[in-house]
Structures are given as structure tokens and as C-alpha cells.
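The values are calculated or read from the model by the stated rules, or taken from the named source; none is laboratory data. As the structure is a prediction and not an experimental result, all values here were calculated from the model. Backbone-built Cβ (ideal geometry, glycine too); neighbour counts: all protein chains shown.
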Amino acid sequence: MIVLGGTLRIPAEGRDEILQALKTLKKATWANDVGVVAYHFSIDLDDENLIHVYEEWKTVEDLKAHGQKPHMVPFRALREEKGVEVVTFSRWRAEELGRY
């Protein structure tokens, strides 16, 4: 299993539009992607313009295919247009860490 975790900083001016785009992206991902196990966005409790991202994918190939899907295009364009900043992002294989 491949796990991704990260944070995005969204500008206050475009917040509502970006949040709607993330909802649309999440719905499209669940409907159209193979191998998605978890795909979540959450608003930080202390900073409403900081978004936490958590994803789980069955394989690296599934994750790579997700990145090439048409439903990624509108969010990427909006991210660029509105100046969404990737603060942190990490990817790892869950098997490397073992069970908790």
C-alpha cells in the first residue's frame, strides 16, 4: 500500500472555490480511479486555510494513473490560478513501517 500525506495552503480569497473543487476531485477520484483505498481532505483546526491531505493507494501504478486522469486537470488549473501552495507532501510504502 502507498500512503501520501501532506498539507496545502489555500488563499482566503479563493477558499470557497478551492474547497468546492476538492469536493469535486474527491468524488471523481472515488468514481473513476482504480486502487484508491482512502482519499481525504480536512481543514486544520487552528488554521482554516491549511488543508490536510491523506491518501492510500493499492499500488504505485494506481497512484500514477490517478495523476493522469482527466478529473485532475481542473484542480491543477485552479491550484495554479489561485496560488495554492504545497506546504508538505510525503509518500511511503506502508509495508516499510509495519503494523502499528
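All conditions but one from (1) more than 15 Å from L78 (Cα to Cα); (2) surrounded by 13 or more Cβ atoms within 10 Å (Cβ to Cβ); (3) at pLDDT 95 or above apply to M1; the one that does not is (3).
Condition test on T24, is it modelled with pLDDT of 95 or more, assigned to a helix (DSSP H, G or I) and surrounded by 12 or more Cβ atoms within 10 Å (Cβ to Cβ)? Judged against the criteria, T24 is a match. Of everything listed in (1) in contact with an Asp or Glu (Cβ under 8 Å, 6 or more places away or on another chain); (2) assigned to a helix (DSSP H, G or I), the single unmet condition for K69 is (2). For the residues T29, T7, T88, the requirement of being polar (S, T, N, Q), within 12 Å of the chain's Cα centre (by Cα) and part of a helix (DSSP H, G or I) singles out T29.
Checking each residue in the stretch 24-41 for being in contact (Cβ under 8 Å) with a residue 40 or more places away in the chain and not hydrophobic (A, V, I, L, M, F, W, C) picks out T24, T29.
I'd like the residue in the stretch 47-86 that is β-branched (V, I, T) and surrounded by fewer than 12 Cβ atoms within 10 Å (Cβ to Cβ) and, out of all such residues, is nearest to Q20 (Cα to Cα). Once the filter is applied, the top-ranked residue is V73. Taking the stretch 8-21 as the range and being modelled with pLDDT of 95 or more and crowded, with 16+ Cβ neighbours inside 10 Å as the test, the residues that pass are L8, I10, I18, A21. I'd like the residue in the stretch 34-84 that is within 13 Å of the chain's Cα centre (by Cα) and among the acidic types (D, E) and, out of all such residues, is nearest to E13 (Cα to Cα). Filtering first and then ranking leaves E55. Within the set E48, E56, E17, the sole residue that is assigned to a strand (DSSP E or B) and charged (D, E, K, R) turns out to be E56.
Pairs linking a residue in the stretch 55-70 that is more than 15 Å from L25 (Cβ to Cβ) to a residue that is outside any loop (DSSP other than H, G, I, E, B) and among the polar types (S, T, N, Q), with Cβ atoms under 8 Å and 6 or more positions apart or on different chains, do not occur.
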